[in-house]
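> My questions all concern the structure below.
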Amino acid sequence: MATLGELERSVMDALWSTEGTLSANELRDRLDSSRGSKEVAVTTVLTVLSRLENKGFVERDRSSRPHLYRSVTTRAEHTADLMHEVLGTAPDREAALARFIGQVSPEEAETLRTLLSGAHNS
Amino acid sequence: MFAASVVLALLALTLAWPVPLVLARAAWPSRAPGTALVLWQSIALAGGLSMIGSLVTYGLIPFGNNLIAGAFEFTSHLFAGTLPPGANFTQMFALCLAVLLTGHLLLSLLLTLVRSEKQRSRHLSLVNLLSAPLEGSPRTRVLDHPSPVAYCLPGTSSSVTVLSEGLVALLDESQLRAVIAHENAHLAQQHHLVLIAFKSWHSALPWFPIANRAENAVALLVEMLADDQARRATDDRTLATAIALVGSGAATDPTAPELSWANRGEIEPGLVGPRVARLLTQQHPLSSSARGTVLGAATALLVIPTVLLVLI
């Protein structure tokens with residue numbers, strides 16, 4: 001049985017790879033074809049969709065029957081948002097993200113390259 | 001009471017200015033980062049305690065001969081709406097200042113905790129949507145981005161280490177293992193809690209030059225502690241090379257978002273160089289007697305203001 005997290009990821013992948021909107025039924029068919037034999041119920045897809053809607057990743061068009069869903073932003077934009085947060089270039093950086101390497105000044109990068117060549121030669 | 005308040009004020013001043021300055025410049029912390037981290041926390045706590053304690057003991061002088069008697073007397077006067085004979089404006093001002101300062105520091109800590117938790121959980125749910133677990137390590141995720149970055153997202157039940165495609169492409173297998181061990185050490189030792197405490201102290205007292213210095217010193221010590229754990233997974237040179245590769249790669253990466261001028265001033269100076277130098281020069285760890293002395297001093301820093309407050 002797939003976890004809720006995996007299902008959310010599969011649903012978002014399906015929405016990101018579509019230009020327009022999809023209904024819950026269409027989404028289930030895509031999940032079935034991409035996941036092979038595992039059956040996913042439409043109700044499960046609807047649950048996942050409303051969770052994603054609450055988190056602000058999915059928009060729902062309620063004017064049509066059945067409801068149509070689309071992703072709020074593209075995959076690349078989401079990744080760029082994350083990177084802005086990580087690299088400290090987001091306007092509001094509160095999260096104490098412990099990065100392996102923080103910002104490096106050009107001078108420091110030069111020192112590092114010198115140290116690096118020394119380490120390789122010895 | 002007056003003597004105690006003067007001694008506490010002097011202690012607060014010493015801990016606010018000369019002591020952090022000397023410690024930030026000292027060379028030994030890189031040889032015993034864990035011990036130094038304890039000392040920094042003790043300085044910050046003792047500094048706050050003596051600053052607020054000095055104001056309280058001074059303000060309570062007309063109410064009694066010691067803190068406990070004074071506090072009882074103060075409460076009954078507060079409910080009666082009266083002031084004891086001999087009470088003056090300066091003392092009442094000191095009491096108000098103590099209340100405001102305590103509230104300000106606690107609220108700021110709470111606010112920083114709530115904000116970073118909110119941002120962290122949103123960040124985590126995005127990471128979960130955007131990336132699949134790395135094969136073999138379910139708590140490691142790989143993000144599809146060319147900038148070489150690695151970081152960890154601490155969580156109560158779901159801590160995650162995130163690597164970028166750029167980082168995986170830049171490093172070889174043993175270097176990658178060193179990076180993952182480094183991030184896992186941050187998570188296992190709960191470093192984010194110390195970082196958040198010092199960040200909130202800094203944002204509560206932005207005009208206080210030492211707060212910035214303390215935050216940077218603590219950030220560097222936490223990195224060194226994680227490096228020490230990573231050294232157990234690989235050798236020193238591999239780890240140093242990984243740090244240097246990622247550091248110089250990040251600086252020259254054309255795909256990295258531009259730093260805005262507002263953030264430029266906040267770049268922590270020298271977080272990377274000292275770490276690499278420390279790994280390559282084979283420093284000896286601080287002797288256990290020296291570490292014992294530092295830990296004793298850290299304990300004394302907390303005991304002295306407490307004794308002054310309660311007993312005198």
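> Mind checking whether some residue in the stretch A:17-29 is farther than 20 Å from A:THR73 by Cα and either surrounded by 17 or more Cβ atoms within 10 Å (Cβ to Cβ) or of a type in the set (Gly, Ala, Ser) (or both)?
The answer is yes, given that some residue of the stretch A:17-29 is farther than 20 Å from A:THR73 by Cα and either surrounded by 17 or more Cβ atoms within 10 Å (Cβ to Cβ) or of a type in the set (Gly, Ala, Ser) (or both).
> Based on what the data block shows, is B:LEU37 in contact (Cβ under 8 Å) with a residue 12 or more places away in the chain and either surrounded by 16 or more Cβ atoms within 10 Å (Cβ to Cβ) or part of a helix (DSSP H, G or I) (or both)?
Yes; evaluated as a whole, the condition is true for this residue.
> Looking at B:LEU106, B:LEU97, which is the one that is without any contact (Cβ under 8 Å) to a residue 60 or more places away in the chain, open to solvent by 80 Å² or more (accessible area, probe 1.4 Å) and away from every other protein chain (no Cβ under 14 Å)?
B:LEU106
> Another question, then. Note down all Cβ pairs under 7 Å where the first residue falls in the stretch B:1-23 and is farther than 15 Å from B:ILE52 by Cα and without any contact (Cβ under 8 Å) to a residue 40 or more places away in the chain, the second is of a type in the set (A, V, I, L, M, F, W, C) and surrounded by 13 or more Cβ atoms within 10 Å (Cβ to Cβ), and they're at least six residues apart or on different chains.
Matching pairs, first to second residue: B:VAL19/B:ILE43.
> I've got another one for you. When you scan the stretch B:129-146, how many residues do you find that are crowded, with 20+ Cβ neighbours inside 10 Å and touching a residue at least 24 places away in the same chain (Cβ under 8 Å)?
Residues in the stretch B:129-146 being crowded, with 20+ Cβ neighbours inside 10 Å and touching a residue at least 24 places away in the same chain (Cβ under 8 Å): 3 in total.
Yes/no per residue for (1) within 23 Å of B:HIS123 (Cα to Cα); (2) modelled with pLDDT of 90 or more:
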{"position": "A:LEU15", "(1), (2)": "yes, yes"}
{"position": "A:ASN25", "(1), (2)": "no, yes"}
{"position": "A:GLU39", "(1), (2)": "no, no"}
{"position": "A:LEU46", "(1), (2)": "no, yes"}
{"position": "A:VAL58", "(1), (2)": "yes, yes"}
{"position": "A:ASP61", "(1), (2)": "no, yes"}
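> Considering only residues that are open to solvent by less than 70 Å² (accessible area, probe 1.4 Å) and within 7 Å of chain B (Cβ to nearest Cβ), look in the stretch A:110-119 and name the one that is modelled with the highest pLDDT.
Applying the filter and picking the extreme gives A:LEU112.
> Kindly indicate which of B:ALA46, B:ALA69 is open to solvent by less than 40 Å² (accessible area, probe 1.4 Å) and either β-branched (Val, Ile, Thr) or in a helix (DSSP H, G or I) (or both).
B:ALA46
> Mind counting the residues in the stretch A:17-58 that are closer than 20 Å to A:LEU4 by Cβ and part of a strand (DSSP E or B)?
Here the count works out to 2.
> Limited to the stretch B:147-172, what total is found for residues that are within 16 Å of B:SER116 (Cβ to Cβ), open to solvent by 10 Å² or more (accessible area, probe 1.4 Å) and modelled with pLDDT of 90 or more?
Total meeting the criteria: 1.
> Can you name the condition, by its number, that B:PHE79 falls short on among (1) open to solvent by 70 Å² or more (accessible area, probe 1.4 Å); (2) touching a Pro at 6+ places or on another chain (Cβ under 7 Å); (3) not acidic (Asp, Glu)?
(2)
> Go through (1) surrounded by fewer than 21 Cβ atoms within 10 Å (Cβ to Cβ); (2) touching a residue at least 24 places away in the same chain (Cβ under 8 Å) and name the single condition B:PRO206 misses.
If we test B:PRO206 against (1) surrounded by fewer than 21 Cβ atoms within 10 Å (Cβ to Cβ); (2) touching a residue at least 24 places away in the same chain (Cβ under 8 Å), just (2) comes out false.
> Would you mind stating whether B:GLY81 is at pLDDT below 95 and more than 12 Å from B:ALA4 (Cβ to Cβ)?
Criteria met by B:GLY81.
> Go through the stretch A:70-109 and give me each residue that's at pLDDT below 80, open to solvent by 60 Å² or more (accessible area, probe 1.4 Å) and more than 7 Å from chain B (Cβ to nearest Cβ).
Result: A:PRO91, A:ASP92, A:ARG93, A:GLU107.
The values are calculated or read from the model by the stated rules, or taken from the named source; none is laboratory data. All figures in this text were calculated on a predicted structure; none of them were measured in a lab. Using ideal geometry, Cβ is built from the backbone for each residue, glycine included, and neighbour counts are taken over all protein chains shown. These area figures cover heavy atoms from the full protein model, side chains too; ligands, DNA and RNA do not enter into them. Shrake-Rupley method; radii C 1.70, N 1.55, O 1.52, S 1.80 Å.
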